[in-house]
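First up is the structure itself, then whatever we jot down about it.
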Amino acid sequence: MSHLSRRDLFRASGAGLLTLTAGGALAACGGSGSGSAPGGDADSGIVTVWSWATAADALRGVVPAFEKDNPGIKVDVQDIGEPAIWDKITVGLAAGGQGLGDVLHIGCDYLPGYLEKFPGGLADLSGFGADAHKDAFAKGLWPVVTGKDGHAYALPWEVNPLGFFYRKDYFDKAGIDVDSLTTWDDLIATADRFKAANPGIALIGLNKAANPTPDLDFAQSLMQLQGAFYFDLRGRITVGSEPAVRALTVVKRLEEAGLIGDTPGVQSWPPVMKAGKLAVAAMPVWVAHYLEKKFPDQSGDWRLAKPLAVTPGGKRTALVNSTHLAVSASSPRRRAAWRFVEYALTRPASVNAMFNAGGVFPALTAAYSDPLYSAPSAFYGGQPVLRTFADLATEGGDPTNYSGDYARALKLVSDAQTKVLLKAADPAAVLQDAAKQLAQQTGRGLA
């Protein structure tokens, strides 16, 4: 649900989209690019790091230990702000790297677009030895940081495995055992029982009219559970694919069953949730802390389960988004910058210190052996919710290619979903039409 993206509510980390103009012009996310050779740049000096909000604060916590272990390097972490950071990175890349920080915190929906539109703008980290860490992160993330040349241009920092948060009290009233549900079809089949026991309570909330912004996080997660998205890893359009149609069909069936509550506007989801009018949040790991922080009076009511599959026997894991640290190719301190990135993101002590400080859920799987991931949560009835997410991240998911044309795809698919929700349109028809329009707008081929 994009109206509940962390960029809207936490301004701390997560995903988004970026549209530029034609000559240096559109960057959102994708997969290509080539970086400059790593040789000859400084291994000391002041390294500037661009990030935002709590993520920047968490990075600052790593600096003292890093500087102690790496004499000659000083680190200046700057909170650029979000979304301001995207404009600054875009302008810097379009200007050949002028004015950029040495280390850049970049979301999964921007990184591939930067590689596509500004080849050579980000440093080739494979030349510094990044490939040695290829298997250290949640499965499915390495292709996201890899260009068409097979080289790595960032290291994963945050990962957001999908979860299924639900109000146990509401499901108990209806006599529904969530542990017995394995697919969304299973859940839809309980609609009459659920509604009879919980009048006025919706299962999920969606901004049906997509006003003022698209609300596709839920539909996207259904695609990702099937290993699909708007584009395949070769950049071909998959908007009209069978997995995409199945995803939007689930949305339509939920609407027809009367299980979707309308949450229009950018900030309407929180008050609806606070009022106890929604029973499910099919959302990623960062929501675990959000629910606990924002709705303390609902403590003990919530539980967490693995995501429901879209098809019988289908996957119940998905990595819905991630963020990464990259090094500017124009930096005269690329080697020193790389040393900080490697220190911060490949050591369990570092990523867990950042996580404990309020930072993001780490992509480094070695971090999950820390006892903090097995600690019970009173808010979730004693469940060790972080352990569930650690297991989901370890299992991993299929890589998602946002591509440099994510913004265009998002708008077209959002329009398609609105037609399904408000006009009962056929998912296959509207998605195939969206795919054709996207092909015309971008010149990309259909998969």
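The numbers here are math on the coordinates, done by the rules we state, and not lab data. The shown structure was predicted, so the numbers you read here are calculated from the model rather than taken from an experiment. Neighbour counts are summed over all protein chains in view; Cβ atoms, including those assigned to glycine, are modelled from backbone coordinates with ideal geometry.
Could you check how many percent of all C-alpha pairs in the chain are farther apart than 42 Å? The proportion of pairs with Cα distances above 42 Å equals 13 percent. If you wrap the range 222-279 in the convex hull of its Cα atoms and look at it from every side, the mean projected area works out to 5.3 nm². The local environment of PRO71, defined by Cβ-Cβ distances under 14 Å, has a net charge of 0 under the rule Lys, Arg +1 and Asp, Glu -1.
Shown in residue order for the range 92-100 are the 3J(HN,Hα) couplings computed by the Karplus curve 6.51 cos²θ - 1.76 cosθ + 1.60 at θ = phi - 60°: x, 5, 5, 8, x, x, 5, x, 6 Hz (x for Gly and Pro).
Among TYR230, TYR373, sorting on how many other beta-carbon atoms sit within 10 Å of each Cβ, with the fewest leading, yields TYR373, TYR230. For the range 200-328, averaging the sequence separation of C-alpha pairs within contact (under 8 Å, six or more residues apart) and dividing by the residue count gives a relative contact order of 37 percent.
With an 8 Å Cα cut-off and a minimum separation of 6 or more residues, compute the relative contact order for the range 115-192 in percent.
22
Measuring how big the range 271-410 is from its alpha-carbon positions, Rg and Dmax come out at 17.9, 54 Å. Straight-distance candidates among the lysines for linking to LYS294, with alpha-carbon spacing under 22 Å and chain neighbours fewer than 8 residues away dropped: LYS168, LYS274, LYS277. Round to the nearest 10 and give me the degree value, 0 to 90, for the angle of helix 406-423's Cα axis relative to the longest principal axis of the chain. Tilt relative to the chain: about 10 degrees.
Across the chain, the relative contact order, built from alpha-carbon pairs under 8 Å that are at least six residues apart, equals 28 percent. Within the chain, DSSP assigns beta bridges of which about 60% are antiparallel (rounded to the nearest 5). At 4 °C and 1.567 mPa s, grab the translational diffusion coefficient of the range 143-183 from Stokes-Einstein with a Kirkwood Rh over Cα pairs, rounded to a whole number in µm² per second. Translational diffusion coefficient: 92 µm²/s.
Quick check: the distance between the Cα centres of the range 365-424 and the range 272-344, to the nearest angstrom? For the range 365-424 versus the range 272-344, the Cα centre distance is 6 Å. Beyond 26 Å in Cα-Cα separation lie the following of the pairs LYS117/LYS411; LYS139/LYS173; LYS195/LYS423: LYS139/LYS173. Only helices enter the 222 nm calculation for the chain: every DSSP H run of n ≥ 4 contributes -39,500 (n - 2.57), and dividing by all residues gives -10500 deg cm²/dmol, rounded to 500. Against the chain, whose longest principal axis is taken from its Cα atoms, helix 242-256 shows a tilt of about 40°.
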